[in-house]
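Visitor: Quick one: structure below, then a few questions.
The values are calculated or read from the model by the stated rules, or taken from the named source; none is laboratory data. Everything numeric here is computed off the predicted structure, so don't read it as measured data. We place every Cβ from the backbone using ideal geometry, glycine too, and count neighbours over all the protein chains shown.
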Amino acid sequence: MTLPSLFVSHGSPMLPLTDTPARQFLIDLGRGLPRPKAILVVSAHWETAEPEVNAVAVNDTIYDFYGFSRPLYELRYPAPGAPALAQEIAQRLEAAGLPTTIDRARGLDHGAWIPLLLMYPDADIPVLQLSIQTERGPKHHLALGRALAPLRDERVLIIGSGSFTHNLAEFRVRRPELNAPALPWVDAFADWVHEAAIAGRVDDLLDYRNRAPFAVKNHPTDEHFLPLFAALGAAGEGARVERLHNSANYGVLRMDVYAFHAASETAVAA
């Protein structure tokens with residue numbers, strides 16, 4: 001079975017330490033998927049002008065947040081890196097007209113290690129990260145993913161890690177409870193994206209900021225939605241879309257998870 005590419009919503013850094021449906025789903029997802037040879041994460045939390053991929057022997061755990069409880073900072077995810085695979089990724093992107101730099105120092109930010117800690121808690125699968133280029137928008141990230149699609153045949157699990165909705169200003173104003181239901185404008189956006197994705201309306205998705213209801217309210221900036229396009233692109237043209245999970249945290253964070261398959265591939269049994 002060829003691995004699907006995935007989009008996961010990583011939510012708050014506290015996700016591993018809170019009892020939510022999204023947390024349990026990611027635990028179960030890792031148990032249900034075939035074991036990958038390596039994992040490539042396209043994270044919303046690594047933004048660069050041009051693509052960069054990390055290549056280290058062992059990944060440091062980056063705490064790129066502040067103000068949380070001490071147990072969160074005691075979590076570690078020392079997954080091995082994959083320098084040879086990083087070189088292959090850079091070469092594939094270069095061949096697609098996407099000049100790429102190799103970073104030989106960076107570890108894993110929380111967009112990578114938070115979901116992986118739940119999915120693969122032993123941290124024994126090699127992990128790499130690929131940066132996003134926020135100013136270049138969805139179409140660029142779709143092309144980025146398509147350039148990497150052949151890696152799936154090498155049992156590389158490609159994960160776009162962001163957030164299906166992401167308005168932290170609303171969170172700070174409202175201070176909702178952890179398991180508060182999604183607000184109507186949050187669901188309206190998420191439902192539109194789901195319908196467009198399932199129907200294969202890629203052009204609508206690429207222009208989501210103009211076509212989706214409450215797009216800018218749900219994503220004041222693009223970075224947490226762009227990894228979805230990389231994951232979609234990694235399944236190739238005509239990808240089949242499967243929603244694996246939908247829930248909400250704090251009323252404003254939809255925690256949806258999607259799998260993307262080539263047309264001939266089977267669905268995920270997770």
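Visitor: Within the stretch 130-150, is even one residue touching a Ser or Thr at 6+ places or on another chain (Cβ under 9 Å), closer than 28 Å to THR2 by Cα and surrounded by fewer than 22 Cβ atoms within 10 Å (Cβ to Cβ)?
Guide: The answer is yes; a qualifying residue exists.
Visitor: Report whether or not PRO184 is over 27 Å from TRP46 (Cβ atoms), in contact with a Phe, Trp or Tyr (Cβ under 8 Å, 6 or more places away or on another chain) and not basic (Lys, Arg).
Guide: No: the conditions fail for PRO184.
Visitor: Which of the residues belonging to the stretch 139-170 are of a type outside the set (Gly, Ala, Ser) and in contact with a Phe, Trp or Tyr (Cβ under 7 Å, 6 or more places away or on another chain)?
Guide: HIS141, LEU142, THR165
Visitor: Quick check on PRO176: is it exposed (fewer than 14 other Cβ atoms within 10 Å of the Cβ), of a type outside the set (Phe, Trp, Tyr) and under 17 Å from ALA248 (Cβ atoms)?
Guide: No.
Visitor: Does at least one position in the stretch 43-66 carry a residue that is in contact with a His (Cβ under 8 Å, 6 or more places away or on another chain), outside any strand (DSSP E or B) and of a type in the set (Ser, Thr, Tyr)?
Guide: Yes - at least one qualifying residue is present in the stretch 43-66.
Visitor: Starting from the stretch 99-125, take each residue that is in contact (Cβ under 8 Å) with a residue 12 or more places away in the chain and list its partners that are part of a helix (DSSP H, G or I) and of a type in the set (Val, Ile, Thr), counting only C-beta distances under 6 angstrom and pairs at least six apart or across chains.
Guide: LEU118/ILE27
Visitor: Quick test for you: out of ALA197, ALA235, ALA230, pick the one residue that is outside any loop (DSSP other than H, G, I, E, B), farther than 20 Å from ALA22 by Cβ and within 18 Å of the chain's Cα centre (by Cα).
Guide: From the options ALA197, ALA235, ALA230, the qualifying one is ALA230.
One line per residue, one yes/no per condition, for (1) touching a residue at least 40 places away in the same chain (Cβ under 8 Å); (2) buried (at least 24 other Cβ atoms within 10 Å of the Cβ); (3) among the small types (Gly, Ala, Ser); (4) touching a strand residue (DSSP E or B) at 6+ places or on another chain (Cβ under 9 Å):
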site	(1), (2), (3), (4)
LEU206	yes, no, no, no
ALA212	no, no, yes, no
ALA215	no, no, yes, no
LEU226	yes, yes, no, yes
ALA235	yes, yes, yes, yes
GLY238	no, no, yes, no
HIS245	yes, no, no, yes
LEU253	yes, yes, no, yes
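Residue-wise test of (1) modelled with pLDDT of 95 or more; (2) within 16 Å of GLN133 (Cα to Cα).
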site	(1), (2)
ARG31	yes, no
ALA38	yes, no
VAL41	yes, yes
ALA49	yes, yes
SER69	no, no
ALA79	yes, no
ALA82	yes, no
ALA96	yes, yes
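Visitor: Now for a separate question. If the requirement is being in a loop (DSSP other than H, G, I, E, B) and buried (at least 16 other Cβ atoms within 10 Å of the Cβ), which of these qualifies: LEU98, LEU72, LEU85, LEU93? Let's see the steps before the verdict.
Guide: On the way: LEU72 fails: in a loop (DSSP other than H, G, I, E, B); LEU85 fails: in a loop (DSSP other than H, G, I, E, B); LEU93 fails: in a loop (DSSP other than H, G, I, E, B).
Just a single option satisfies the conditions, and that option is LEU98.
Visitor: Right, here's the next one. Within the set of pairs 6+ apart or on separate chains, which have a first residue in the stretch 11-38 that is under 27 Å from ARG152 (Cβ atoms), a second that is in a loop (DSSP other than H, G, I, E, B) and charged (D, E, K, R), and C-beta atoms under 9 Å apart?
Guide: That search, which allows pairs on different chains as well, returns ALA22/ASP256; PRO34/ARG155; ARG35/ARG155; PRO36/ARG155; LYS37/ARG155; ALA38/ARG155.
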